[in-house]
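Undergrad: After the structure tokens below, expect a handful of questions from me.
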Ligand code: NAD
């Protein structure tokens, strides 16, 4: 299949690479010339485990190419995937202007039947808008089919998620497009992990509902963690206890420093706005968002318990990315926490295995350290914001020797409180005894 993938970000680049690895001829288009020039040289703009190897292999075998020429991409392809960004606008609604601009190009340059697949997360009704724009930009009537194919990949696990998805959701109306989408995805579907065909609007809503449900679980557990801190109780035991209920399941029950990233915060807010626009008071989603904001801020209160006066103090931060195994800093809780600490006069030394280059563009006046031990040297406290696996295996006795005052505020519950106490740390975590 000849496929054009428009937008080479986390989703577009991973989808394009996996689609090429599945034997398709893929041309990737982006407006960002620098990104495309780098990709042509094999330089990947993001950190995503496994992506570079897969991309190099498919580039060598000439199944994937990169260009800024959208006309060529559209005209040489049978299927066009749209994977451009949909960031929040000033009103917290999804800004779909990049999708609309791509739709204009598709209408303008279309030279034969195409299947146009939207992978970007966009409000219900967007695919119909795409169709209208394409039609209005066509010089002559050319047939096309529209497909909503929301993406559920998680950064850090994106290759695995794309090639072994829990489900593939496809919203469409045409039998021809259904045959084409089936031939693209049939190799990935399993009996228990099916391709789910549905109507277009439901497909668009499934993506928002899915992210909003996951965010709801996190905020619920964070609120329970607040209660544990007041009345006693261990949020990890509670997560285990409720997770053993097969109706609930064990995943996505971790309390912590709040969710971040390029999806949950914006998608929760955007879905709430869609509800409001349709006369529904988004009570649950408003609360989910509020609890998350509170949770991010609560880490500062915990830090103050151990370091009451922050002015002039050195604080080490481990973890900057919004979650492990990515360099994505969008809406990362570390941003708010570091900025608040700086406002209170603290000096920040930070370490993240992958996100430091991205962080440097966002967070100034931070000493970025090459290793986690150097970050804690001479500090008054260590704050853990992202649960990178390597933090679990570090030499905590060495940390104790290097840090000025043995204060650890663990926003991700990666250590056991009693072990930390035994090691002589003043240890505060989330929703657990300390
Ligand atoms: P991103 O910001 O990383 O990448 C978007 C890319 O689109 C950028 O490279 C940008 O230059 C390019 N672009 C913008 N306008 C363009 C245009 N007119 N023509 C060509 N290229 C254009 O975004 P992302 O994280 O890959 O997300 C893309 C979409 O997928 C969003 O709607 C997001 O909500 C959704 N999504 C993201 C994830 C994730 O984990 N990041 C997961 C599932 C769904």
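Undergrad: Hey, with R₀ at 25 Å, roughly what FRET efficiency would residue 32 and residue 108 work out to, going by the Cβ-Cβ distance, to 0.05?
TA: After rounding, the FRET efficiency stands at 0.75.
Undergrad: What is the calculated FRET efficiency for residue 182 to residue 97, with r their C-beta to C-beta distance and R₀ = 30 Å, to the nearest 0.05?
TA: My answer for the efficiency is 0.40.
Undergrad: Right, here's the next one. With everything on Cα atoms, drop me the angle between helix 126-137 and the longest principal axis of the chain, reported from 0 to 90° to the nearest 10.
TA: Helix 126-137 sits roughly 40 degrees off the main axis of the chain.
Undergrad: I've got another one for you. Return the FRET efficiency for the residue pair residue 311, residue 175: r is the Cβ-Cβ distance, R0 is 60 Å, and the value is rounded to the nearest 0.05.
TA: Once rounded, the FRET efficiency stands at 0.30.
Undergrad: Another question about this same structure. Going by average Cβ density within 10 Å per residue, which order do the peptides 184-192, 171-179, 204-212 take, highest to lowest?
TA: My ranking of the peptides, most packed first, is 204-212, 171-179, 184-192.
Undergrad: Okay, moving on. How would you rank 364-374, 10-20, highest first, on the average number of other Cβ atoms within 10 Å across their residues?
TA: Most protected by this proxy first, the peptides run 10-20, 364-374.
Undergrad: Once label points are set 7 Å from the Cα along Cα→Cβ at both residue 163 and residue 43, what is their separation, rounded to one decimal in nm?
TA: Each label point lies 7 Å from its Cα, and together they span 2.7 nm.
Undergrad: Same structure, new question: Rank by packing, highest mean first: peptides 125-134, 50-59, 345-354, with packing defined as the count of other Cβ atoms within 10 Å averaged across residues.
TA: Averaged packing, sorted descending, gives the order 345-354, 125-134, 50-59.
Undergrad: From the helices alone, meaning DSSP H stretches of at least four residues, give me the mean residue ellipticity at 222 nm for the chain, per-run term -39500 (n - 2.57), in deg cm²/dmol to the nearest 500.
TA: -13500 deg cm²/dmol
Undergrad: Right, next: Could you let me know the centre-to-centre spacing of the range 319-371 and the range 1-46, using Cα atoms, in angstrom?
TA: Using only Cα atoms to place each centre, the spacing works out to 28 Å.
Undergrad: Further question: Provide the gained length on full extension for the span residue 247 to residue 154, in nm with one decimal, where the gain is 0.36 nm per separating residue minus the Cα-Cα distance.
TA: So the chain would gain 31.2 nm between residue 247 and residue 154.
Undergrad: Please work out how much length the chain gains when fully extended from residue 60 to residue 433, using 0.36 nm per residue of separation minus the C-alpha to C-alpha distance, in nm with one decimal.
TA: Stretched fully, the residue 60-residue 433 segment lengthens by 128.9 nm.
Undergrad: Starting from the Cα-Cα distance between residue 377 and residue 362, subtract it from 0.36 nm times their residue separation and give me the gain in nm to one decimal.
TA: Here the answer is 3.0 nm.
Undergrad: Between the range 251-282 and the range 79-135, how far is it from one alpha carbon centroid to the other, in angstrom?
TA: Measuring centre to centre over Cα atoms gives 22 Å.
Undergrad: Distance in nm between label sites at residue 129 and residue 75, each 7 Å beyond Cα in the beta-carbon direction?
TA: Label at residue 129, label at residue 75, 2.9 nm between them.
Quick note: the coordinates plus some simple rules give every number you see, no bench work behind them. Fair warning: this is a prediction, and the values are worked out from it, not measured in the lab. FYI the Cβ positions are ideal-geometry reconstructions off the backbone, even for glycines, and counts take in every protein chain you see.
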